[in-house]
Amino acid sequence: MGDNIYGDNRRPSRIWGPERTVGPWKNVDRFLPSSEEELKRRYELARNKPGYTELRRRAKVIGTWDDHDYGLNDAGKEFTGKNMTQKLLMDFLDEPEDAPRRKQAGVYASYVLGPNGKQIKVILLDTRYHRDPLLSYGTILGDAQWEWLEKELKGPQTELTIIVSSVQVISNISATGNPLVFIECWGHFPKERERLFKLIDDSKRSGVIFTSGDVHFGEIARYDCGVQYPLYDITSSGLTRSLEEEGGPLMTYLIRAVFWLVPSTMRVFSPSCRHKSCIYAKPNFGAIEINWDASPPRVKIELRDEDGNSVNEVSFLLSELQANGVAGSREPASGYQQHCTHETDLPWLLRKRLALILWAVVGVVLGIIFLLLREILSATKRLFQKNKID
């Protein structure tokens, strides 16, 4: 699902000095692209890791890219090195020299796996090559990829269709997490996301599940008002890097508190969650299991930790993801509805809860500092007056 390597370079975080990379006075980009030679070296290191070598021996590896293997953090169509990085990704994934993915503009592709009656279609999207700038409300996929996706969805039915997006499709934590949390997602392109849901609905395709990455934590989200059945998005991110692993012990508690405080209308909260927020920000991977022998067949989507233990899971009948043959998504009920109301439609006070708490804490800290300074100045003044009298 992307970030197969971290191909860009990151400057240190600095809010002052000649090169300021963060804050309101930022004057240089924090991320820089690598040379082709350096990217090749990093891909070679990834390819030669024992775990990945064993995976390639035991299974067919398919994949797409995200920003860091695309070439630059948060980059879209403006990145000038994308043709070079596309070739390197195709080499890494062992794509044949005559594969269509090597000749087209972008790395999108599809595969059908399994025998008749147990077929799974995997659709790999490219959310980088054609994506307009963030907050532009432009396109994510571009015209050619949209046409291709329509043909794929309206093609022969399969029992399950997994649409792989490098960024989250359903969840939009940025809408409620600013200013501490800003995450790339389809929610920043609301018209594109609605177009995606409508295309799935119009195609009358059953059994669609999304998978996504990018965010360095794991989450399962669900949307009930996109098509005629629930749409799940299992975000598995942090296989090589995760928020808690990068932040240290103190940041671990802060990260968990932030995710607990950030309202979410799409996240699946279940008793199986490892943490109360149902976000898992340590190294994790996702799994989709289909029990074809059950009558009727069942699907389990799951997040697992490094040891393979479950940290969150959802199980349902495959028949629950069934289109009824008549296009027309579910209409949201009036007022708030879990798994239907978008985060951007929450009441202002609830949507800005994290920001309000943050500013309240900052205000209290500044108030305490002010009172301490006033007491220090007052004590100094009294001491000076006493010495003057003496």
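Here are some notes:
- In the chain, the C-alpha radius of gyration followed by the widest Cα-Cα span (Dmax) gives 24.2, 100 angstrom.
- Using the Cβ-Cβ distance between GLN157 and LYS198 with R0 = 25 Å, the FRET efficiency computed as 1/(1 + (r/R0)^6) comes to roughly 0.85.
- Subtracting the Cα-Cα distance of ASP305 and SER319 from their residue separation scaled by 0.36 nm leaves 2.2 nm.
- Efficiency of FRET between ASN83 and LYS118 - r from beta-carbon atoms, R0 51 angstrom, step 0.05: 0.85
- Options PRO297, LEU350, ASN387, ranked by Cα towards positive dipole end of the chain, top entry (Cβ charges): ASN387
- Length gained on full extension, VAL362 to ILE62: 103.3 nm, using 0.36 nm per residue less the C-alpha separation.
- Calculated FRET efficiency for the pair THR380/LEU261, C-beta based, R₀ 41 Å, to 0.05: 0.55
- Taking the convex hull of the alpha carbon positions in the stretch 222-342 and averaging its projected area over all directions gives 9.3 nm².
- When ARG222, ARG298 are arranged by Cβ crowding within 10 Å, least crowded first, meaning fewest neighbours, the order is ARG298, ARG222.
- For the stretch 1-107, the spherically averaged projection of the C-alpha convex hull amounts to 8.0 nm².
- For LYS40, the aspartates and glutamates whose Cα comes closer than 15 Å to its Cα, not counting residues fewer than 8 places off in the same chain, are ASP3, ASP8, ASP69, ASP91, ASP94.
- For a label point 7 Å along the Cα-to-beta-carbon line of LYS276, residues of the stretch 237-264 with backbone N under 20 Å: 244, 249-264
- Added length on full extension, which subtracts the Cα-Cα distance from 0.36 nm per residue, THR53 to PHE182: 43.0 nm
- 23 Å Cα-Cα reach of LYS204 towards lysines, excluding residues that sit fewer than 8 places from it in its own chain: LYS118, LYS121, LYS151, LYS154, LYS191, LYS300
- With kT/(6 pi eta Rh) evaluated at 25 °C and eta = 0.890 mPa s, and Rh the Kirkwood radius from Cα pairs, the stretch 142-192 diffuses with a coefficient of 187 µm²/s according to Stokes-Einstein.
Quick note: the coordinates plus some simple rules give every number you see, no bench work behind them. Everything numeric here is computed off the predicted structure, so don't read it as measured data. Positions of Cβ are backbone-derived with ideal geometry, glycine not excepted, and every protein chain shown enters the neighbour counts.
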